[in-house]
Amino acid sequence: MSPWSNDSSGRGVDVGIGTREIAVSPRASRSLRWMRFRKAAPASKPRSVLMPDAQHFTETGVFDALRAALDPSSDDGAPPAKRAPSRNRGAHIVLDDFWGNHAILRGDFRTLRTREIDEVARAHFVDTYGVDAEAIVVRACVQRGGRAAFASALPRTLSDGIRETGTAAGVDVEALKLCLPEMLNRTLNKVPQANAMLVFAADALMQAVLIEAGHWVGYDAQRLFDGDANDPARIAALAEQAFEHCAEGSKAKRQDCALGLYGFDVDLAPLQAGFASVTVLASSAADTGIEPRNEGSNEAGDKTGPSFACRLLEYAK
């Protein structure tokens, strides 16, 4: 029987939504006391669903793959009538940052309410990208001290479509978030010095966050194409370009700035030539233990599909 079809524990699932793949994993139990008094069940193996080539980087691809990933009949083939009913599961979903936009807003946010800060962030995205205010879902987090806010925006069609797809599959979306804020929160305590730029590799993006005197200063995103993430010279050029964009309006100097890398495995020499120091905070290597499930785009038995969605599961926990 499918590990998704009858989850009597009600633990729910973690979901990572990439640009070409969706990964799903049963959520680990958080009740250690309860686990002491019950026989441990074998852990269900996470799996992934690959989108057809024509649906890569599309909302349609996300909805179709998510529907397949959450469908209880997709693994065991049993018709719905032969499966015992189960209550709605909860889902924590993390998306590749390709699906949204981020910004670091500088100003005095100390006296503003959360709703007012969200509206300031909404106005920024509307002005910057020319979108309708009602077409995006916005969230913002103010840094300690109240002088900067990290803002994120998702298309409302994507947010609503994911929730509707989950509801149709008997899954309540309890959390829906982009990956970068989660990566940033888990990386800040590893920053080598007060002036630093953190660079994160995602499936199709290289993202940079500049920190000056311990405070957020700027954000930038650069598109990564096939082969870019393994090209040291290309990464060095993109990092220097990202710094120039992030440092606009600040006093930060690249030669005095430490560089922290997340998700890259490249020769550091080209990067060391342009920054005060270079630290690898995390490599791209990750043993996800997830086998891709093909949905018509690859040949049967192909296990070489995209893997970044599998890494997103870590940030859904």
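Only the coordinates and a few stated rules stand behind these numbers; no lab work does. In this text the structure is predicted, and so the values were computed from the model without any measurement. Note that we place each Cβ from the backbone using ideal geometry, even for glycine, and neighbour counts take in every protein chain shown.
The table for this structure:
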read-out	value
Modelled FRET efficiency - R0 22 Å, Thr187 with Ala213, Cβ distances, 0.05 increments	0.80
Compactness index (Cα Rg / 2.2 N^0.38 Å), the range 189-289	1.00
Unit charges on C-beta of K, R, D, E only; dipole of the range 189-289, Debye	340
Ordering of 159-165, 199-205, 210-216 by burial proxy (mean other Cβ atoms within 10 Å per residue, highest first)	199-205, 210-216, 159-165
